[in-house]
Amino acid sequence: AVGSQLRYLPDDGLFTGLSLSPELAASFFDGDLRLRWGSIKRDWGPALNNLMITGSARAIDGIELSLDITSWLHYSVITGSMGKFSLQTLDGERFFSDNFDDDKPYYRFDNNLSAHRVELDVTPNLTFAIFESVLWGKRFEIGYLNPLTIYMFQQNNLGDIDNMLAGFDFNYTLGEKIRLYGSIATTEMN
């Protein structure tokens, strides 16, 4: 039916749609500074489906800044909105959410994401990185919008009400055929 929406899975109807990822991008200083604004789908880390931002996740509306400080030191930061969506009617069951609000059943998940990553190219074949991200409820938090802040300090200052993730990863290429990589992260650090 025209104008109908998917409300239950599985569904026997036929639905059509568009998948768009609009963005504005700019590059400055011979490509050392890159700025993106729009619907961002990004996979941060040495492999697909990383711990911080996975390539299979929905795109987020946000701003991303990447800076090559030197040829061997790189910094990236992203801040955006995870968007409003609800899983309330999925299979007719309520889906668990920390911020469930009966007054807004269609906007149960309404969060922002801020993340940053520092990469160090030790050799042309070896890269180490440290990263930190925070998933935070929709409210104005200057500490999470500041690209140079340490999110863990801001969360502790606020009283540990947001979801933190911090970790490091490495990527080693042996020849041109073998790549070894790994990542370790922790969440809710105090």
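Rule-based calculations on the coordinates, nothing more; no lab input. Keep in mind it's a predicted model, so treat the numbers as computed, not measured. Every residue, glycine among them, receives a Cβ derived from its backbone with ideal geometry; neighbour counts consider all protein chains shown.
Assorted remarks:
- At R0 = 30 Å, FRET efficiency that the Cβ-Cβ distance of residue 157 and residue 121 yields, to 0.05: 0.35
- 3J(HN,Hα) along segment 23-29: 7, 10, 9, 9, 10, 10, 6 Hz, from the Karplus curve 6.51 cos²θ - 1.76 cosθ + 1.60 with θ = phi - 60°, whole Hz, x for Gly and Pro.
- Computed from backbone phi, the HN-Hα couplings of segment 129-146 come to 9, 10, 9, 8, 9, 9, 9, 9, x, 5, 6, 7, 10, 4, x, 7, 8, 6 Hz, rounded to whole numbers (Karplus: 6.51 cos²θ - 1.76 cosθ + 1.60, θ = phi - 60°; Gly and Pro given as x).
- Virtual spin-label span in nm between residue 61 and residue 142, 7 Å along Cα→Cβ: 2.5
- Near residue 166: Cβ cut-off under 13 Å, other residues only, Lys/Arg at +1 and Asp/Glu at -1. The net charge is -3.
- Segment 145-190: equivalent-ellipsoid semi-axes (sqrt of 5 x gyration tensor eigenvalues, Cα, Å): 33, 12, 6
- Counting 0.36 nm for each residue step from residue 130 to residue 174 and taking away their Cα separation leaves a gain of 13.7 nm.
- Ordering of 115-122, 64-71, 23-30 by packing is 115-122, 64-71, 23-30, highest average first (other Cβ atoms within 10 Å, averaged per residue).
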